[in-house]
Structures are given as structure tokens and as C-alpha cells.
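To start, the structure under review is shown below, and the notes come after it.
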């Protein structure tokens, strides 16, 4: 896991790194316990007794992919409002109670889920369960808190997207690559939709999605499974399920030719994103394709010895940075992504050509045994390394369950990757990575004019 | 590495946990002392300090080598420490960068380098299976001992670093940080960015790297931390295999101490506004703060936890975000370093709200210094710090961060064991007294980066 982004977002890249790195085989079935409450809520407990701590994550099956035009960003705004008070617990109290119990908490919204978590000493778990059960149905959503929090979210959007040229390009890229798939819209929502969001929109959204039969509770740490199950039943068992309308599939319409967009924004550096339409684990008819795509992404960018670093950054020295990623755990058909910043003296057009040459190479020649062996060794090792973090283990279970897969897949991930052959990698490169399925986005920098004003002296005199 | 190769993160969080420096702080920030892990310590014959905590549960080992060769040692060439550290990965006289990368990755090992102002870090993570671990250790030892610093490697990394420096200029947050450190530290080595400056990065020669490495990458200037499924004998053997060919050399000289509060008012209370075509103004306010061995460490640490160090619950977040909706992230922190690291208050807000937010932040800190925390605030903060102590040691990764910090800053071996006790001893009066004496809003530097025309 590494920190790549700027400013205040340490936790984000962690999660991002998760999404682009392979999940783990943890011999999970031996230590994982699955329960279902009578109201439909799923409970998954994984024992990890290395330290006297626990992480509790509740995952709701709602994210930006459930939204429609006009209310984009609503899932994320609601996530913020979940800290703004229930009938039992006033605004701000949730965070205060977790804090005085030595806990850490946060929440995140993705395309396919919204999740809330607390990390605590394992004896404090009941506190987290009580609070989380309370806000599953008891949220008040006061108007004045909503107005302030909407401003906070708009500041968040400015910070993450408006003032970050690469993020802006990525947002426009998604809007071009996906036509009717819900991945067309940004998780944080379009600014205009945020401005026009109303408290009643949130109330309806909350009523529709926040219920035990739309949630999975994942608990990992130093706990006894059966005792914890009893505890969870005590807090969540009485909450009534709701009747939800079945989800529309919203499958992306078939792309019929290369798409290309340009974004002009104040920036110092050009930047390039390429994305090829690909199936994911949930949607693929042939699951081996997905593992082959996962292998392919690691051949390109699974470390400092992978092709992007070896050939583009070091060998040809045409990229200052270059990466490839593929998220096999997305809920809808997704993309194999390449992105890069040119090295000094290289044009964006040349860099694009070389990135596409990399894809052609994968289509024309089988990858080497050495490369396959390298990725397989890494997957085996990462499988152990990932068990160093209870949070990460809970994330894996939560994502799998929430996008409609099973945590049991964790047990088979390593063997599925190890089964991938060079011929399969070549086949998926030919099958999916063709130009008609390609979208290209280029950031064209506009000049930034910088000037500093220095005003020393007593605070009252510097004119602002 | 400052270049951001990833696309926008796919998740968006309720709160951003302050600044990225805080991530380091979280790692370094000592914590409460309900007994920590038993730390074993020894010194090798060439002067390397080794710290070890056995962690038998997972068949893996982490090694962190910390050298007192961070950018504070750059001298006249900012970026020198950064490049010396980065180019370790580029091989010795027998292996090139491709072979090095393959050497680690074919056995599933991770090898990385990081450079801060105080520390140059080399991290290694491997499975403990000897067939995988032994070649990993051997390769790492070669690189640490005699990196080649080939001309073509330097040239390539120089170009990449120049791009990274250019990229910093499109980020209002990076621009603010660089200006902030420059304003706070003036002539002190902490003033320049770890990544260096364009002029200096262009000027660095291979011989500079060699000289730097020979001077600083020596036994008496090196700390090794080990956490993993090893016994003491194996850990000793591992540490020795890594460092046995490093000459003892001599430790780096003491860095110039900083007067805190700053003696010269005019150099530190700079008010700097930088025009940038962003929709938000990034605001940083601060002054030099504390070192790890500062006598006021605990009152300031606990006090800041209440002021701006505990996420949504802190006063600054309450005033800026919760009450007024002015910013997504509003925080304060002390970043303890070898010499007084910065005390920072930070936020970002829509350009037209910048002056209002700045005013609220300043009033909040002034008010805090004047009246101190309430008894309840202090109690609740202590409960958070001490109650959350086990979370800070709940993984090998967290433990090795602590271990390396304890070793590098030469903190006592019972540092973790006594931490909660020291936190519990802090009183309202101690916080008020320490903040009054040490924190001076009227002398602080203020940096504002944003679109001034639209304010």
C-alpha cells in the first residue's frame, strides 16, 4: 500500500491500493464464520487473535452505481449525514462516543457500496454495535445540519476534483467511457446535482437503502464468534427488514469504436488515461478470463520489475510515471486502465503510441514463464502480508459480499491466479483489449500563473 | 516519490484525517503505555543499532533500515539525500535496476525507499521461508553497502524528479507546504523540500551521491528495526548479514537547534499569499514546534489532541467544519522531529471564504491558549489516547514504525510502556502553561494559496 495522492487523504490511497491489488487466500474458511439474522442481515466474523483489537464494518449495498441523473452524489452525502444525529444520539455524539472509547472511525462511499467502520479495543465492540444499529433506521436528517454538511461535501469535491487536474480528467474520462452504465457518474456527484440536492431526496434515499436485509456486518479481530453473534442479534435483531424493488441491471451498451476526449485545465504536466472495456468477476461468463486479466494487469504493473516500469520508465524513458490497473471486484462491467505522465521530451502522442504498443505486444507474443512465475510468487507472498491488517481482511470480505460475490472466493484466489497460462493472457488481450473498446483521455495543460505576495508585519495590516 | 501514478481514488470518505504528514506522525506518534511489546536491542561491531520485536504469528518478516541521511543533510544541494536514497534501488556494480527489481519480486519480497527530512529509509518485507528470505537479505545488503550510482540511472531519476517538482506546482496543497516550510525554517536545513529544487536537482553530480553515501550510509549513523517470525539468534544473524560490510564511519553531526519560540519575529511571521487558479484557498498557519526529546512533549501532544488532533471531535474541526461547513478538512498537529518540527494548523475552503476561515482558525487557537481545555475535554482526550493504545500496535507494520522511531530518535526502550502514564499525568494547567509559553499565534507564519482575484 502506498500513498500517492496529495494532501489530507492518507486513508484513500490505502483503499485504492486495495482495489488494484489482488485479494488474499487466507485459508479463510477455517477462521471465518457466517451467520444470517432472521431480518436478513448477514454477519461475517473472522477471528484474528494477534492483538486485542477488533474492526467492525457495516456495508450497505448502495453506492453511486445505484444513483440516477439529477441526484448524483446522494449516497455519499447521506454517508456524511449518518454522523448528524438520530432520535437517540444527537449530532456529533457518535464520533464523540467512539473517541472516548479509544476508537477510530470513518466511513466511505464507493460505486457499489457505502460502509462505516470502527476500530476499537475488542472489549469495546458492543459500543460500536449499539451505535451502528441505532443509525440503521433512526436517523433524523435535520435541515440545518444538511445545509452545512452539503457545503462540506462541496468543499470536498473542490479539494478532490475541481482543483486536481488529473482527477478532473479521470472524471471526464469515465463520463466518456461509460454511456448508460452507472459508472458514468462520479461517486462524489456532479457539482450541479450537489447544489440542487434536497433533504427530502436524502430521506427517501435513506428509507430505501438502509435496512438489515441490505447490509452485511463484517467483524474481524480478537473476538469469540458465537458470543459476538449473540451480541449482534441483540442490537440488530429487532430491526425490521424493508421491501426493496429489484435492481435494474443497467448493463453498459456495447461500445462500437474508439472514443477520445480532451480536457483543458490549469496544469503543469500533460497526462493520459486509456481504458478498455472488460468484464469483472461478477459479470464474466468465463471466470478464467477475469483471472487472466488480473494476471495481465500484474504483468504490466505488478511491481518495479513489471513492464511499465522496466520498459516505459527505465528502458525507453518515455514516461515519468506509468501504471495499469484492473478491478475484478467491481459490481458492473469495468475497465482495464492505463495511465501515464510523459517524461521530458516525449509527446503525449508518442506516449499513447507506446502504451498501445504494450497492449499489441501482449496480443502478439505470449508473456514469459519468468513473468508468470514472478506474479505467482508475489500473489503467494501478498496472501500472507495482507493478514497483517485486520482492517484489510475486513475490507476484502465486505467488498466481495456487497458486490454479490462470496468471501469464500478468497480461499481460491491464489490457486485461480496460479492456474493462469501464458496462452490465456494472450487470449484475453486479443478478446478484450481492442481499439473499438478503447477510450482515451488527454489532459492538455493550460498555463498556471503564479505570483507570491509577501506581507510581513502586524496581523492587522496585511489587508485581508 | 511525488509523482502520482494512480487515478483518482475510487472511494470518498467522511473525513480525510488531516494532512499526509500526519500519516508519518501516526506512525511515529508514540502512544500510551499499557505495556508495549518487549523490545530487544543490540549494537553490531560496526556500530549499527538494532531493535527487534518477535512476531511469531505470520511467516513473514519486516526490516526497516533508517539512516540519518534525510534531506536535512542535503547541504548546498537540496534533493541530494532524496536521490541518494532512491538510487539504492538502481543496483550495485554487478546488477542493474531491472535485475534488482526482479531479484526481490521473483521471491515475493517488497523493497522500497523513502526519504524524509530527518530519515532516509529502506524497507524490506519478505516471507520467512529461508529459500525466499536468504536471497532477499543478500541482495538488500549489497545495495545498502555499495550502490553503483550509475550515470545513466542518475540521469533518468533526475528527469523523473524534475517532473515531480513540476507536478508540485499544479497542486495548491504542495505549493502551500513548500512555502510554509520555507517561511518557518528560513536558513535551517528543514526549509527546503525533500525533493529538492529545480536548480539543485539539475546540478547534482554522480560524485555528490558517492560522497554523500560514503559519509552518511555508515554503521554509526544507521538504525535497523526488525519485526517478524524469527528468534533472537536468527534476527541477529539477519541484521548482521545486512550490515556487515558497511564501514563503521561516524555519526552525523547534530543539526542546528531552533529557538522555540522563534527568536526573530520578522523571519517567522511572514504572511504570504500565492496566486493559483484553484477554486479553493489552502491555508496553513504555524511555527516551529517540538522535537522528540522536548520537555513539553506531553502537554503539547495531549493539548493538540483536543485542539485539532482528533478528527471530527477536535475544536478546530468543530468550529471550521461542524459549525460552519467551511472546510472538508481542518486540523492541527505537532510533527515532532530531531529538531523542532512544525506546528501546523491547516484547512482549505472556497476562495471567497478564505478570510473568514482564517479568522475562525486563529480565534480558535487564541481562545484555546487563553482558557486551556476544559476538564471534560482533557478527560475525553486521555480516554481516546489510552483506550486506543492497542490499536497502535496491532500489526507488524505499526510495530516496526514505532520501533524505528524509538531507535532513530534514541527514545528509552520503555517508551511505549510509560506512555499512557505520562499522558495521564498531564493536567489542564500544564497544557495551558505549555501552550502559553510555546505557541504564539502573533508570531506564526500564514500561507494562503488560491485564487486571490475571486476572494
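Laboratory data are not the source of any read-out in this text; all were calculated from the coordinates shown. Only a predicted model underlies this, so the values are computations on that prediction, with no experimental measurement involved. Reconstructed Cβ throughout: ideal geometry from the backbone, glycine too, with neighbour counts over all protein chains shown.
Rounded if a/c is under 1.5, else prolate if a/b is larger than b/c, else oblate: which is the range B:277-413, with a ≥ b ≥ c the root eigenvalues of its Cα gyration tensor?
prolate
Can you compute the label reach from residue A:423? Point 7 Å from Cα along the Cβ direction, backbone N cut-off under 15 Å, restricted to the range A:287-304.
Within reach of a label on residue A:423: A:289.
Taking square-rooted eigenvalues a ≥ b ≥ c of the alpha carbon gyration tensor, is the range A:193-285 rounded, prolate or oblate, where a/c under 1.5 means rounded and, failing that, a/b exceeding b/c means prolate?
prolate
Give the average over all directions of the projected area of the C-alpha convex hull of the range B:50-109, one decimal, in nm².
6.1 nm²
For the protein assembly as shown, what is the convex hull volume of the alpha-carbon atoms per residue, in Å³?
145 Å³
Relative contact order for chain A: what percent, with Cα pairs under 8 Å and sequence separation of 6 or more?
It comes to 23 percent, rounded to a whole number.
Work out the FRET efficiency for residue A:284 and residue A:130 from their Cβ-Cβ distance, taking R0 = 30 Å, and round it to the nearest 0.05.
Result of the calculation: an efficiency of 0.15.
Order A:63-75, A:130-142 from most to least packed using the mean count of other Cβ atoms within 10 Å.
Ranked by mean Cβ neighbours within 10 Å, highest first: A:63-75, A:130-142.
Looking at the P(r) of chain A, how many percent of alpha-carbon pairs lie beyond 36 Å?
Beyond 36 Å sits 33 percent of the P(r) for chain A.
At R0 = 60 Å, how high is the FRET efficiency between residue B:129 and residue B:418 if r is their beta carbon distance? Nearest 0.05 is fine.
0.95
Would you tell me the mean number of C-beta atoms belonging to other protein chains that fall within 10 Å of each C-beta in A:380-386, as a whole number?
Going residue by residue through A:380-386 and averaging, the value is 6.
In degrees, nearest 10, range 0 to 90: what is the angle between the Cα axis of helix B:415-425 and the longest Cα principal axis of chain B?
The answer is roughly 10 degrees.
Which angle from 0 to 90°, rounded to the nearest 10, does the C-alpha axis of helix B:130-145 make with the longest principal axis of chain B?
Tilt of helix B:130-145: around 70 degrees.
When DSSP beta bridges are limited to those with both residues in chain A, what percentage is antiparallel, rounded to the nearest 5?
In chain A, approximately 75 percent of DSSP beta bridges are antiparallel ones.
Cα atoms only, the range B:39-243: Rg and Dmax in Å?
Cα-based Rg and Dmax for the range B:39-243 come out at 17.8, 51 Å.
Could you work out [θ]222 nm for the protein assembly as shown from helices alone, using -39500 (n - 2.57) per DSSP H run of at least four and dividing by all its residues? Round to the nearest 500 deg cm²/dmol.
About -12000 deg cm²/dmol.
Between the helical axis of B:206-216 and the dominant principal axis of chain B, each derived from Cα atoms, what acute angle in degrees is found, rounded to the nearest 10?
Approximately 90 degrees, to the nearest ten.
Calculate the spin-label point distance for residue B:437 paired with residue A:230, positioning each point 7 Å from the Cα along the beta-carbon direction, and give it in nanometres.
With each label point 7 Å from Cα toward Cβ, the separation is 5.4 nm.
Please list, in order, the residues from the range B:139-162 whose amide nitrogen is less than 20 Å from a point placed 7 Å along the Cα→Cβ vector of residue B:244.
Within reach of a label on residue B:244, which here means backbone N under 20 Å from a point 7 Å along Cα→Cβ, the range B:139-162 contributes B:139-147.
Is the shape of the range A:28-236 rounded, prolate or oblate, going by the alpha carbon gyration tensor and its root eigenvalues a ≥ b ≥ c, with a/c under 1.5 for rounded and a/b larger than b/c for prolate?
Since a/c reaches 1.5 and a/b is larger than b/c, the shape of the range A:28-236 is classed as prolate.
Out of all DSSP beta bridges in the protein assembly as shown, what portion is antiparallel? Express it as a percent rounded to 5.
80 percent
Which FRET efficiency value, to the nearest 0.05, is calculated for residue B:233 and residue A:238 with the Förster distance at 51 angstrom and r the Cβ-Cβ distance?
Result of the calculation: an efficiency of 0.35.
Distance in nm between label sites at residue A:406 and residue B:383, each 7 Å beyond Cα in the beta-carbon direction?
Placing both labels 7 Å along Cα→Cβ, they lie 4.3 nm apart.
For chain B, with equal point scatterers placed on the C-alpha atoms only and solvent neglected, what are the log10 I(q)/I(0) values from the Debye formula at q = 0.09, 0.11 1/Å, to two decimals?
Per q value, in the given order, log10 I(q)/I(0) is -0.61, -0.93.
Given labels modelled 7 Å from the Cα in the Cβ direction, how far is it in nm from residue B:411 to residue A:347?
Label at residue B:411, label at residue A:347, 5.5 nm between them.
Taking the Cα centre of each part, how many Å lie between the range A:363-395 and the range A:147-177?
If you average the Cα positions of each part, the centres end up 32 Å apart.
From other protein chains only, count the Cβ atoms within 10 Å of every residue's Cβ in A:267-278, then give the mean.
Taking the mean over all residues of the peptide, I get 2.
Under the definition of partner shielding as Cβ atoms of other protein chains within 10 Å of a residue Cβ, what is the mean value for peptide B:322-333?
5
Can you put B:250, B:392 in order of Cβ neighbours within 10 angstrom, beginning with the fewest?
Taking fewest neighbouring Cβ atoms as first place, the list is B:250, B:392.
So for the range A:28-236: antiparallel DSSP bridges make up what percent, rounded to the nearest 5?
80 percent
Distances over 20 Å make up what percent of all Cα-Cα pairs in the range B:224-333?
I get 69 percent for the Cα pairs in the range B:224-333 exceeding 20 Å.
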